[in-house]
Amino acid sequence: MVERIKARTLRKRVLKRIAFVDVKPVEAPRRIVQLVVKDPKLIEEVDKLDMQDLIEAEVERVGEDLVVKSLKVLFKNLEPFPIAKKEHGPDFLLRMRHLAIRGIRYPKIFYVEHVVTWSAIKHLVDEGRKRVHPPLIIASATEGGAILFPVDRFGERKFFLSESAQLYLEAMIFALGKVFSLTTSSRMEKSRTRRHLAEFRHLEAEAADYGFEDILDAQERLVKAIVRGVLEDEDASEIVKEFRGKRMDELDRLLKEKFPRITYDEAIEILRKKGVDIKRGDDLGADEERILTEDFEVPVFVTLYPTEQKAFYVKRVPDRPEVCYSADLMLPRYGEITTGGEREDDYYKLLEEIKRRGLKPEDYRRYLDLRKYGSIRHSGYGLGIERFVHRLLDLEHIRDATPFPRFYGRSTFV
RNA sequence: GCCGCCGUAGCUCAGUCCGGUAGAGCGCCCGGCUGUUAACCGGGCGGUCCGGGGUUCGAAUCCCCGCGGCGGCGCCA
């Protein structure tokens, strides 16, 4: 049976009387197919092929082989493809990212990212959440930091790129109850680490009538739904196995076991027992997070952080106002993957907290209105898609978890 | 904002400590090979040694400044 195939060449091995060409079919570029060429005239043609030429071939299946019967070059490279089969440095691959994504490794990563994203969205919709579309140009900071990207002169005023949709989601719960958004958040954090991007895909959710425990449960369900979705997808599951090597049991346990929940105070105690010089009130740095999670096999929630360490909008624990209803979900040996909590719903307490932190109440007038005109207990969380993929695939650097990464310290972008 | 490392062929790097006329592998071009799969074997082409200044008879190599890249801290998802 002869079939026609349109494909892009990837590698070739040409011998005297036989040639082999690895190609990626146009309609399924993640698949690598080996074509066998025996006809002397066609071998001559194959010898002239460059990587990434687009060919059309008639092939016949002979046993295991796909034997080429005819060959036509539809698009010929004008110059040799710059990306070789062998090793490249990170800088070169970033400069060439628009071409590198044609390779073997990147398509796998971005396919998994698609499955991760889709599994998350499907889970949230199945749970009754509605997807909403918050703005990306904002007037004032969500968390009051100096990390905002300014939008240069939009009219008279200066605006910024959003670093979180949270404040808008809090408004939207009054329209739709349980909502979520998937937007691009931008943060000018001057971070040069393998888990930071200046621009990342931010999945955020907010729900009316959700308390602190409810939102922890919601985050646990989401993380499990994503992992389940990936494992149930045959291709994605295979890719994850390939990237993670033997460490698949960790994912099986993640699905089966309830995520432990320890308080910040308990985390400090654990660290002290492990010989870390730390006391209550201190920040949990990267080292501390790693040491803390090294004995856990599944993600662990660290809850009830000191109020001073968290944002102004987090609700304080009524009989212990020095701590608040905020939790980070930490992955073993990685660190934070989500942060969530219950929001302060009392107008006067929120106003007082804004003033106490030196923020301007007029910048948060509309946010305060959400409490002024009849509020409700509510909670939410945020998850970084790239971080999830980074950890799921055990990638060296988070910048490989997005096609066109932007991060601090790089002067040019593809 | 802070700490550390690096810049040599299209790509990945050696040569830098201890100054003396530029190297390898891959890619590319040519030739060989009946089953390859990072094919293999032989040959060839290919260089502003990041830029500028200084020391020296002589600088890829030592010193200073600049630019670019990489890792980490803090911050965060």
Estimated FRET transfer efficiency when R0 is 51 angstrom, pair A:Asp282-A:Ala28 (beta carbons, to 0.05)
0.45
Sort out for me the Cα centre separation of the stretch A:192-243 from the stretch A:258-316, rounded to whole Å.
20 Å
So for each of A:332-344, A:57-69, A:380-392 I average, over its residues, the number of other beta carbons within 10 Å; can you give me the resulting order with the highest mean first?
A:380-392, A:332-344, A:57-69
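Taking a ≥ b ≥ c as the square roots of the Cα gyration tensor eigenvalues, with a/c under 1.5 meaning rounded and otherwise prolate when a/b beats b/c, else oblate, which class fits the stretch A:2-81? The partial results should precede the final answer.
Details: a/c = 1.59, a/b = 1.12, b/c = 1.41.
Judged from the Cα gyration tensor, the stretch A:2-81 comes out oblate (a/c at least 1.5, b/c at or above a/b).
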Karplus (6.51, -1.76, 1.60) ³J(HN,Hα), θ = phi - 60°, over the stretch A:160-177, in Hz, Gly and Pro reported as x
9, 7, 4, 10, 6, 8, 3, 4, 6, 5, 4, 6, 6, 5, 6, 9, 10, x
In nm, to one decimal, how far is the A:Glu189 label point from the A:Glu58 one, both placed 7 Å along Cα→Cβ?
5.9 nm
Can you tell me how much longer the chain between A:Glu44 and A:Asp209 gets when fully stretched, taken as 0.36 nm per residue apart minus their C-alpha distance, in nm with one decimal?
52.3 nm
Length released on extending from A:Asp217 to A:Lys72, taking residue separation times 0.36 nm less the Cα-Cα span:
46.5 nm
What FRET efficiency would be calculated for the residue pair A:Glu156, A:Lys355, taking the C-beta separation as r and a Förster radius of 25 Å, to the nearest 0.05?
0.35
Estimated [θ] at 222 nm from DSSP helical runs (n ≥ 4, -39500 (n - 2.57)) normalised by residues in chain A, nearest 500:
-9500 deg cm²/dmol
Entries in A:Lys122/A:Lys224; A:Lys48/A:Lys69; A:Lys273/A:Lys310; A:Lys122/A:Lys178; A:Lys190/A:Lys349 that, when Cα-Cα distance is taken, lie over 21 Å
A:Lys273/A:Lys310; A:Lys190/A:Lys349
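Throughout, read-outs are computed from the coordinates displayed, never taken from laboratory work. Values in this document were obtained by computation on a predicted structure and should not be read as measured data. Every residue, glycine as well, gets a Cβ built from its backbone with ideal geometry; the counts of neighbours run over all protein chains shown.
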